[in-house]
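A.B. asks: The structure that follows is given in the form of structure tokens.
The values are calculated or read from the model by the stated rules, or taken from the named source; none is laboratory data. These numbers come from a predicted model, not from an experiment. With ideal geometry, Cβ positions are generated from the backbone for all residues, glycine too; neighbour counts draw on all protein chains shown.
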Amino acid sequence: MFTALTLPVEIEALIASAGLGQHADAERGLAALIERLAANGSPLTNGELHETGVRIALIAGDDAAARAHLEQMQRCYRGTGIPSLVQHCETVAARVGSGASSDLHGNGSLGHAAHGE
């Protein structure tokens, strides 16, 4: 219950930290969230966490980390069989391939697919 209420705020705080140039802090915070929540087995939560990893990595200019998180995000979202999440994977993959970190600042266009925003 509390995760559903607090996760969006925690994610936005991490993205804000990355946007302010505090990449290592954002990456450490995300690693702690993944460690804490990954065991719950929810593909939506785990996909959301790895999607956040994509965003942080692109902001930091770390293409390898972006691809690694993308792979994990795709595994989570595609496994649901939900067409909109599968399409979202394609959208995010295209942006990772183009290194489109500018799409991640301000408009949140890659974020919160699991929450329907």
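Yes or no, residue by residue, for (1) touching a Lys or Arg at 6+ places or on another chain (Cβ under 8 Å); (2) modelled with pLDDT under 95:
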{"position": "ASP25", "(1), (2)": "no, no"}
{"position": "HIS69", "(1), (2)": "no, no"}
{"position": "MET73", "(1), (2)": "no, no"}
{"position": "ILE82", "(1), (2)": "no, no"}
{"position": "VAL96", "(1), (2)": "yes, yes"}
{"position": "ALA100", "(1), (2)": "no, yes"}
{"position": "LEU110", "(1), (2)": "yes, yes"}
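A.B. asks: Which of the residues belonging to segment 73-91 are surrounded by 14 or more Cβ atoms within 10 Å (Cβ to Cβ) and assigned to a helix (DSSP H, G or I)? Lay out the reasoning, then the answer.
C.D. replies: We begin by selecting, within segment 73-91, every residue surrounded by 14 or more Cβ atoms within 10 Å (Cβ to Cβ); these are 73-78, 80, 82, 85-86, 88-89.
Of everything in segment 73-91, those that are surrounded by 14 or more Cβ atoms within 10 Å (Cβ to Cβ) and assigned to a helix (DSSP H, G or I) turn out to be MET73, GLN74, ARG75, CYS76, TYR77, ARG78, LEU85, VAL86, HIS88, CYS89.
A.B. asks: Note down all Cβ pairs under 9 Å where the first residue falls in segment 39-67 and is touching a residue at least 40 places away in the same chain (Cβ under 8 Å) and on the phi > 0 side of the Ramachandran plot, the second is assigned to a helix (DSSP H, G or I) and not charged (D, E, K, R), and they're at least six residues apart or on different chains.
C.D. replies: GLY61/HIS23; GLY61/SER101
A.B. asks: Go through ALA16, ALA57 for me and flag whichever is over 20 Å from ALA4 (Cβ atoms) and surrounded by fewer than 22 Cβ atoms within 10 Å (Cβ to Cβ).
C.D. replies: Values: ALA57 fails: surrounded by fewer than 22 Cβ atoms within 10 Å (Cβ to Cβ).
Residue meeting the stated conditions: ALA16.
A.B. asks: LEU5 - would you say it is part of a helix (DSSP H, G or I) and modelled with pLDDT under 95?
C.D. replies: The answer is yes for LEU5.
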